[in-house]
There are 2 protein chains.
Amino acid sequence: MVTSQQEDFMARDKEETKARILAAVGKLLAESGFKSLGVNAIAREAGVDKVLIYRYFEGLPRLLQCFAQEGDYWPTVDELVGDDSMVDAKTLADWMAYLLSRFSDNLQERPMTQEILRWELLEGNELTRELADVRDKFALDSLKFLETKGPFPPDKDIPAISAVLVAGVVYLMLRTKSSSTFMGIDFSSPDGWQRIEAALNSIVQLTAESKP
Amino acid sequence: MVTSQQEDFMARDKEETKARILAAVGKLLAESGFKSLGVNAIAREAGVDKVLIYRYFEGLPRLLQCFAQEGDYWPTVDELVGDDSMVDAKTLADWMAYLLSRFSDNLQERPMTQEILRWELLEGNELTRELADVRDKFALDSLKFLETKGPFPPDKDIPAISAVLVAGVVYLMLRTKSSSTFMGIDFSSPDGWQRIEAALNSIVQLTAESKP
DNA sequence: ATACCGTGTCACTGAGCGGTGACTTAGATC
DNA sequence: GATCTAAGTCACCGCTCAGTGACACGGTAT
């Protein structure tokens, strides 16, 4: 039994219900994509009456906003790099290649993040705008991190180059779910991805190196 | 008055109706995206009863298939290059940069194609699979075209490099509709795109050149 | 016990969707 | 002119959706 504090949770647990609803959003997002992410589906998945979504979150938009503030849909730079000292990378180019590779692996294992990225491509809403900030913060962190590993050569626009390469990785990643080839490269076999990774490596090495 | 051939169009013009339906598909696709592309919406846009869609095309899937076979949603290499002899490009890298730039411009002016690319990212269906072939054919043509302009250096995987860069361009292009920044670069101003184009140029020049 | 209020349940509306059957109209053929 | 058929119209079904109002339950305070 709950002691009667002035303002707190009852036995029919409001906070737990809210948590279940938020969890249902994440699960549906990862499994079925954002297309089927409606009030009915969420309530069904959470085993909860949909009216509670309106009561506790006053509708889908605010619910998604809440979800955006809670979930971890994006890695931090530290998480991506892991143990700094274990990485055998000397130059700026080495670090760029390493980060790209880790980013690719990380994204592959985040179906929810993939789904959010797809979502962003189609519409701007509360959730996507919220997350755009987080993502750009991550991007700036990454660039700052890179700059500690080797100063950016002044004759190269490292941020723009990074943007193109990251964009490429993201797009290829998002494609592979529904389509297995792109420009004649087969992404259903690990071979295709190895070619991409090798291409990224050579691009970075040749492009980010300060001119000899 | 229509002469009475053995089998042909009546005054209440079946062929014209079919054409109007197909046109409506294109218009809706370009303007409102594929989300709102339903039987009702198409019929409404075409000013036609939806039952005719079922009669003439036996449903949405076949209608889309028909549409895929008619529309020009993708440029040919010739269209992209324009007049061969007017281009001031000498090396393979020059040509790659030129093609990428033209491709980017061309895609920018094809909202329908952009929409189809978004579509492909979300689901595989009759239309998208149909178009995947066309696109890969275009990609192979482009690579073949490039190879006539300069042999691929054996130590570089030109197709894979091209795939990454094209993927990057496509992704950035698709993003700009709903979100204006990516990795700290602002795509609402022409400045952002200029940085990207410059980055592509330097990447291509440094990467595709045969090693000196 | 009773009244109260937070929590959860149920039933419903109105709208839009894909899809279908029955009807009307226009034109060609006889 | 009567008839037949293709082209187009209309009304409807069953479903899912977002959103809402009315009600049932269960602790708490009085």
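Here are a few things to note about the model shown:
- Assuming charge only on the beta carbon of Lys and Arg (+1) and of Asp and Glu (-1), the dipole of the stretch B:143-192 about its Cα centre is about 180 debye to the nearest 20.
- In chain B, helical runs assigned H by DSSP with n ≥ 4 each contribute -39500 (n - 2.57); averaged across all residues and rounded to the nearest 500, the mean residue ellipticity at 222 nm is -21500 deg cm²/dmol.
- Eigenvalues of the alpha-carbon gyration tensor of the stretch A:29-135, scaled by 5 and square-rooted, set the equivalent ellipsoid semi-axes at 35, 13, 12 angstrom, largest first.
- Between identical copies, the spacing of residue B:62 label points, each set 7 Å from Cα toward the C-beta atom, reads 5.0 nm from nearest to farthest.
- Threshold 50 Å² - residues in the stretch A:159-191 whose accessible area is reduced by that much or more when the chain is no longer isolated, probe 1.4 Å: A:163, A:164, A:167, A:171, A:175, A:178, A:182, A:183
- Chain A contacts chain B over a buried accessible area of about 4100 Å², both sides summed; the probe is 1.4 Å and only protein chains count.
- Once both labels are positioned 7 Å from their Cα atoms along Cα-to-Cβ, the gap between residue B:101 and residue A:125 label points is 4.0 nm.
- Inter-copy label distances at residue A:106 (7 Å, Cα→Cβ; nm, one decimal): 3.6
- Against chain A, whose longest principal axis comes from its Cα atoms, helix A:92-108 is set at around 30 degrees.
- Surface composition of the protein assembly as shown: carbon plus sulfur atoms contribute 51% of the solvent-accessible area (1.4 Å probe, protein chains only, all chains present).
- At 7 Å out from Cα toward Cβ: residue B:151 inter-copy label distances (nm, ascending): 4.2
- Rounded to the nearest 0.05, the FRET efficiency derived from the C-beta distance between residue A:86 and residue B:155 at R0 = 35 Å is 0.70.
- Chain A, dipole about Cα centre (Lys/Arg Cβ +1, Asp/Glu Cβ -1), debye to the nearest 20: 620
- Residue-count net charge about residue B:81 - beta-carbon cut-off 12 Å; Lys, Arg +1, Asp, Glu -1: -3
- Net charge of neighbours whose Cβ lies under 11 Å from the Cβ of residue A:40, counting Lys and Arg as +1 and Asp and Glu as -1: 0
- Between residue B:35 and residue B:134, full extension at 0.36 nm per residue minus the direct alpha carbon distance yields a gain of 33.4 nm.
- For the stretch A:79-212, the solvent-accessible area works out to 43 Å² per residue, with a probe of 1.4 Å and every protein chain left in place.
- From the largest down, the stretch A:141-212 spans 39, 26, 17 angstrom on the principal axes of its Cα atoms.
- Placing unit charges on each Cβ (+1 for Lys and Arg, -1 for Asp and Glu) gives chain A a dipole about its Cα centre, and among A:166, A:66, A:40 the Cα reaching farthest toward its positive end belongs to A:40.
- In chain A, inverting the average of 1/r over every pair of distinct C-alpha atoms gives 19.7 Å as the Kirkwood radius.
- Computed over the stretch B:47-121: relative contact order in percent, which uses C-alpha pairs under 8 Å that are six or more apart: 24
- Structure remark: mean-square fluctuation, Gaussian network model of chain A, C-alpha springs under 10 Å; the largest value among A:183, A:112, A:96 belongs to A:183.
- With one equal scatterer per alpha carbon and no solvent term, the Debye-computed log10 I(q)/I(0) for the protein assembly as shown at 0.13, 0.14 1/Å reads -1.19, -1.32.
The values are calculated or read from the model by the stated rules, or taken from the named source; none is laboratory data. Just so it is clear, the structure is predicted and the values come from calculations on it, not from any experiment. We place every Cβ from the backbone using ideal geometry, glycine too, and count neighbours over all the protein chains shown. Calculation scope for accessible area: heavy atoms of the full protein, side chains included, ligands and nucleic acids excluded. Shrake-Rupley method; radii C 1.70, N 1.55, O 1.52, S 1.80 Å.
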